[in-house]
Every structure is written in C-alpha cells, then in structure tokens.
Amino acid sequence: MKKALLGTLLFTLQGCVNSSSTTTVKTALESELEPELASGIGIAQACIGSTALDGELRTRFKPIKDTELLAQAIGEPLKGKLCQGAVYQSTQEVTIYRAWNSTNPNSQFGQWWSFQYPSGTIADYRKNYEICYQWSPLDKLVQCTLKIGTNVVVGNGQSEQCSEYLSYPVSAKQQVFIAASAGAVENCQSFNGIMRWQ
C-alpha cells in the first residue's frame, strides 16, 4: 500500500514538473509577439491594470522595442512614474489629453498624458494618475493629436508619496509617457478649469 501511494505521489510530481516547463516555453514564445514590457514592482504594492491597448487604440499603434524609453517611464514604489509599461509606436493620429498648471506655462507639454478625457472629481483624478497637489492645481487642459510615428510608453501608475500625510497607491488607469511631447503633438486646443459644485 505504501509503495502504491509513493508511486502515485512521484507520478503526480513528475506531471507538475513537466507542466511548469511547458508553461515556461509557452510564455517565452508568447513574449516574442508582445510589446516590450517592464515593471517597477517593489515591496510596496504589485502593479495592477494592463498595458494592452483596447478597442480602436489597438489599431492605431504597433508594439515596438525601445528599452531606453521604457526605462525612463518606469518608477520605483512611492516615487511615481509607471509601475509597469509597454512601448508602442503610433501608426495613425490619436487624440490625447493632459491636465496642467497655468502658473507654469512649460508644464503644458509635459511627459504624462492620457487617452481619456478627464472627468469626475479632481481628487479622484489626482489619485487615479498619482498627481500630487504641490505639482499642479490642474486648472488647465490641453487636447492634442499625437503625431504618426511617435514612440510612447503605455502603462499603469506607480505609487507616489506626496508628503508624510498623503500618498497614492498604484493605479490601474492607463497613462501615456511621451519623452519630448512638444514635438510629438499637433493641433492642440487649451481649456480652462472652472469652479463647479455638485
């Protein structure tokens, strides 16, 4: 009886070993077909969300390899930037948005953008995109067209420590990192933030 149990146990373990090696091979093959990925996962929190493009955006970009650009976008826990990211190149025009600080005109064409038009409360927007209050009052919005052939990193926000009293966790919301956005966008329109209470 003991020999039969021991034999069954060894057979089960053998199956597990074979299964895991098959999974490793499959993952390696699949990774060749996916965009270059990187993650800044640390001890704080694991990354959440996805770097994959959905819907129409998938048809407007192609995945590419750009290790240097990817490294610029990934941040350490509690230091902001992206928790994880993938590099893409635009193949068609895409509308992007950036909330910025009117008291610093140079911040209009910063590195951090979104595919989504900003909506909801400012507090939620700050949390979703890890924007500390001391960086910007978020009182201006610019909407631009991303030029064809522009390399970007698409990813999910890393945690951010704004002060000893305020920190933001990792976020599932997708952000778009553009290293030199002033030359990568065109047809820009600016909008003013207004007071509106509900």
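The values are calculated or read from the model by the stated rules, or taken from the named source; none is laboratory data. Owing to the predicted nature of the structure, the values given are computational and were not obtained by experimental measurement. Here the Cβ is made from the backbone with ideal geometry for all residues, glycine too, and neighbour counts use every protein chain on show. Please note that ligands, DNA and RNA were not included when accessible areas were found on the heavy atoms of the full protein model with its side chains. Shrake-Rupley method; radii C 1.70, N 1.55, O 1.52, S 1.80 Å.
Could you state the accessible area per residue of segment 65-183 in Å², with a 1.4 Å probe and every protein chain left in place?
Ligands and nucleic acids excluded, the figure is 47 Å² per residue.
Add +1 for every Lys or Arg and -1 for every Asp or Glu among the other residues with Cβ under 12 Å from the Cβ of TRP100, and state the total.
Cβ neighbours under 12 Å give a net charge of +1.
So what are the ³J(HN,Hα) numbers for segment 132-148, from phi and the Karplus equation (6.51, -1.76, 1.60; θ = phi - 60°), rounded to whole Hz, Gly and Pro as x?
Going residue by residue, I get 5, 4, 6, 7, 6, x, 6, 9, 9, 10, 10, 10, 9, 9, 6, 5, 5 Hz, with x marking Gly and Pro.
Where does each of 105-118, 184-197, 55-68, 140-153 land if you order them by average Cβ count within 10 Å, highest first?
140-153, 105-118, 55-68, 184-197
Probe radius 1.4 Å, ligands and nucleic acids left out: which of ILE96, ILE74 has the largest accessible area, and how do the rest follow?
Of ILE96, ILE74, the descending order of accessible area is ILE74, ILE96.
Leaving out ligands, DNA and RNA, what percent of the accessible area of segment 48-130 is carbon and sulfur, probe 1.4 Å?
That share works out to 48 percent.
Given a 1.4 Å probe and every protein chain left where it sits, what share in percent of the accessible area of segment 153-198 is carbon and sulfur?
So the carbon and sulfur contribution to the accessible surface is 51 percent.
Looking at the P(r) of segment 78-135, how many percent of alpha-carbon pairs lie beyond 20 Å?
Roughly 33 percent, once rounded to a whole number.
A 24 angstrom limit on the alpha carbon distance is what I want to check against. Which of LYS79/LYS173; LYS65/LYS140; LYS79/LYS147; LYS65/LYS173; LYS62/LYS140; LYS65/LYS127 exceed it?
Too far apart for the 24 Å limit: LYS65/LYS140; LYS79/LYS147; LYS62/LYS140; LYS65/LYS127.
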